[in-house]
Each structure stands twice: as C-alpha cells, then as structure tokens.
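The values are calculated or read from the model by the stated rules, or taken from the named source; none is laboratory data. Quick caveat, the model's predicted, so the values are computed rather than measured. Ideal geometry is used to build each Cβ from the backbone, glycine not excepted, and the neighbour counts take in all protein chains shown.
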Amino acid sequence: MKIPHRVSAAIKAGCSHLLCSLLVAALAGGLVFGLWYPFPYRELSGGRELFLLIVSVDVMCGPLLTLVLFNPAKPRAELWRDLGLVVMIQLGALGYGLWTVWQARPLFLVQEVDRFKVVAAPDLRGASTAGLPAVLQPGWFSGPVTVAIREPKDANEGQTVLFESLQGGRDYAERPEFYLPYEGTTALKALSRAKPLAVFLQKQPSQETAARTLAAQQGADMTQWLYLPVMARQDWVAVLDKQGQIQGFLQGDGF
C-alpha cells in the first residue's frame, strides 16, 4: 500500500527532527556528565536518572509534534511558523530541564569524621558560599570540590550546630563556613577512621576487578590503600592512599 505523500513527508521531517534532537541531547549530556556530574557523581547524586528523564521526554515530544503538524500542502510561511514554535517549545523545555539538573548538581564532597558526604546545592538550604576562598568556590562548569571540616571555634558554636541538626537543620557538612581545603594535615586526618581496602573487598568481592583496574590506572599497590564510605543516594566508597588523597571510587556499602 502506498503511503500518502503528506504522511511520507511528515515522517521524513519527524526523523530529521529526531536526529537533530539527539545531537542536541548528546551535547547537553556532555555538559552534564562531563562537567556537572563527573564520574561517579552521576550515580552518587542521581544525575543520570534525572537527566535521562528530562531529555527523553524532550527528545520525543519535538519530533512527534513535527510529525503531527508537518504538511507540505501548507503555505511555506505557515509551515515554518509551526516548526519554529515546536523548536522554541522544545528548546525552552530543554533549557528548563538543564537548569533543574544544574540546580540539583553536587557542589561538595565533604570529609566528615568517618565518611565522605556528597552535598548538593539544595542541601545548603540557601547558605552562601561567597565567603569561601577561591580554591573552594564551586564553579559554574566544574564538578564537586572536595573539602574538610574545621573544628568548632568554641563550645557554643558546637552546641548551636548540634541542636540545629537534631531539629532537622543543617549539620557541619551543609555549612560552608566550616569548610577547609582537603589537603595536607586535613587529608591525613581522614585516615584516622579509614580502613584497609582489603576489608571492603572481603565484604564486596564483586569489586575486586574494579579495584585492580583502578590500581593499574594509578600505577599503585592497592594493598596500601584504605577507604571511607561515601554518603549519597547510592552506596559507594572513596579509595584513599597513605596521604589521604582520593584515588578513585568503588561501588558498595562501606559501613
């Protein structure tokens, strides 16, 4: 059966629109996963699922609208107007989706006493990062910054944070005024609660291959490595060397 000319033309236009949409989505994916949610934060912070949900809806809706509206019998001006409106709506929806993903992006990887914690923009609850030194400032187009936490200046400051956190407020990890660069002595301090990586691999033998691959990439002896759990949407651990520096991440419950 011969396909009507209008349907055939609409299918061609819809397919062309789909290819263009996939290209734009790929560029957006490079921005999101290359800068805002670098590995493993796409899993740690749920960025992959959020992005795929937004983009899949956007990619499908545009070509479907083109498929419905495209009619070669229409006057050229009317046809371009219809297609232009579809593209504007699609780009607007994509822009809003990217803004949503950007708003939810992880800003900091905070080393607490016996763990690391991923802190996203909403977790700060409006707390300003403007007072942080430039090296700790989260960038518009960069991944999370690894930071440590200073001790309270006095008992009153410590009690204030404790009481507010017990009432559902922000804990130390969500308070930028407590952040310190994660380096030198602050990085070494993280080792006081770290455990040998072998302990983690005994509980998570499925990660043995990933650990060996990571060690080969780093040119290191993984028997010298330690780990701390990472608090996030999924269970991961941060792998540390003898200086407390993060060498990579492995998936699994580290507690």
- Message: Quick check on the stretch 208-222. Is at least one of its residues over 27 Å from residue 158 (Cβ atoms), under 25 Å from the mean Cα position of the chain (by Cα) and surrounded by 20 or more Cβ atoms within 10 Å (Cβ to Cβ)?
- Response: yes
Here the qualifying pairs (Cβ atoms under 9 Å; residues six or more apart or on different chains; first in the stretch 186-209 and without any contact (Cβ under 8 Å) to a residue 60 or more places away in the chain; second among the charged types (D, E, K, R) and part of a helix (DSSP H, G or I)) come out as 201/208
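Out of all the residues in the stretch 210-243, which are under 21 Å from residue 173 (Cα atoms) and in contact (Cβ under 8 Å) with a residue 40 or more places away in the chain?
Taking the stretch 210-243 first, the residues under 21 Å from residue 173 (Cα atoms) are 227-240.
228, 229, 230, 231, 232, 233, 234, 236, 238, 239, 240, listed by residue number.
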Checked the stretch 138-160 for anything closer than 26 Å to residue 103 by Cβ, at pLDDT 90 or above and either in contact with a Gly (Cβ under 9 Å, 6 or more places away or on another chain) or loosely packed, with under 15 Cβ neighbours inside 10 Å (or both); matches are 145
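Answer yes if at least one residue in the stretch 181-191 is in a helix (DSSP H, G or I) and buried (at least 18 other Cβ atoms within 10 Å of the Cβ), and no otherwise. Working first, answer last.
To start, the set of residues in the stretch 181-191 that are in a helix (DSSP H, G or I) comprises 184-191.
Add one more test, that the residue is buried (at least 18 other Cβ atoms within 10 Å of the Cβ), and what stays is 187, 190.
Yes, because at least one residue in the stretch 181-191 is in a helix (DSSP H, G or I) and buried (at least 18 other Cβ atoms within 10 Å of the Cβ).
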In the stretch 205-232, anything touching a strand residue (DSSP E or B) at 6+ places or on another chain (Cβ under 8 Å), at pLDDT below 95 and in a loop (DSSP other than H, G, I, E, B) is listed as 220, 232
**Asked** When you look at residue 121, is it touching a Ser or Thr at 6+ places or on another chain (Cβ under 6 Å) and outside the structural domain of residue 239 (by TED's automatic domain parsing), yes or no?
**Response** no
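If you take the residues of the stretch 105-123 that are surrounded by fewer than 18 Cβ atoms within 10 Å (Cβ to Cβ) and modelled with pLDDT under 90, which of them is farthest from residue 51 (Cα to Cα)?
At the first step, the residues of the stretch 105-123 found to be surrounded by fewer than 18 Cβ atoms within 10 Å (Cβ to Cβ) are 112-114, 121-122.
Filter again for modelled with pLDDT under 90, leaving 113, 121-122.
Numbers: 113: 32, 121: 16, 122: 17 Å.
If we take residues in the stretch 105-123 being surrounded by fewer than 18 Cβ atoms within 10 Å (Cβ to Cβ) and modelled with pLDDT under 90, then 113 is farthest from residue 51 (Cα to Cα).
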Result of the Cβ filter at 9 Å on the stretch 82-95, keeping first residues that are more than 14 Å from residue 28 (Cβ to Cβ) and partners that are aromatic (Phe, Trp, Tyr) and surrounded by 12 or more Cβ atoms within 10 Å (Cβ to Cβ), at least 6 apart or interchain, is 82/70; 83/70
Here the residues within the stretch 18-52 that are within 16 Å of residue 95 (Cβ to Cβ) and either modelled with pLDDT under 85 or of a type in the set (Phe, Trp, Tyr) (or both) are 36, 50, 51
Residue 25: passes all of (1) out of contact with any Asp or Glu (no Cβ under 9 Å at 6 or more places or on another chain); (2) surrounded by 13 or more Cβ atoms within 10 Å (Cβ to Cβ) but (1)
For the stretch 96-132 the number of residues that are free of Cβ contacts under 8 Å to residues at least 24 places away in the same chain and in a loop (DSSP other than H, G, I, E, B) is 2
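Determine whether the stretch 137-157 contains at least one residue that is of a type in the set (Gly, Ala, Ser), under 19 Å from residue 124 (Cα atoms), in the same structural domain as residue 122 (by TED's automatic domain parsing) and assigned to a helix (DSSP H, G or I).
Checked against the condition, which is being of a type in the set (Gly, Ala, Ser), under 19 Å from residue 124 (Cα atoms), in the same structural domain as residue 122 (by TED's automatic domain parsing) and assigned to a helix (DSSP H, G or I), the stretch 137-157 yields no hits at all.
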